[in-house]
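Every number in this text was worked out from the coordinates using simple rules, so none of it is lab data. It should be emphasised that the depicted structure is a prediction, and the values quoted were computed from it without experimental measurement. Because the Cβ atoms are built from the backbone with ideal geometry, glycine has one as well, and the counts that use them run over all protein chains shown.
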C-alpha cells in the first residue's frame, strides 16, 4: 500500500468513526483527524504531480 492509499484509508476510517461517535468531543476529534489525513494525502498528491512534471524525473 502506498503512503497516499494509507492516508486516504485513514481519512475514511476517521470520518466513519466520527459518524458513529455519540460524544461530541469524540466526533470532533475524529473529524480533525480525518482533515489532517486528507491534508497529508493532498501534499503527497501535489508532490507526485510536481515530480511527474519535472524534467529528468522517472
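Measuring r between the beta carbons of residue 21 and residue 51 and using R0 = 35 Å, the FRET efficiency lands at 0.40. Straightening the chain between residue 28 and residue 5 buys 5.9 nm, computed as 0.36 nm per residue apart minus the Cα-Cα spacing. For the chain, what does -39500 (n - 2.57) per DSSP helix run (n ≥ 4), summed and divided by total residues, give at 222 nm, in deg cm²/dmol to the nearest 500? The helix-only estimate for the chain comes to -29000 deg cm²/dmol at 222 nm. In the chain the Cα-Cα distances spread across 10 Å bins starting at 0 as 25, 37, 22, 11, 4, 0 percent of all pairs. The relative contact order of the chain, computed from alpha carbon pairs under 8 Å that lie at least 6 residues apart in sequence, is 37 percent.
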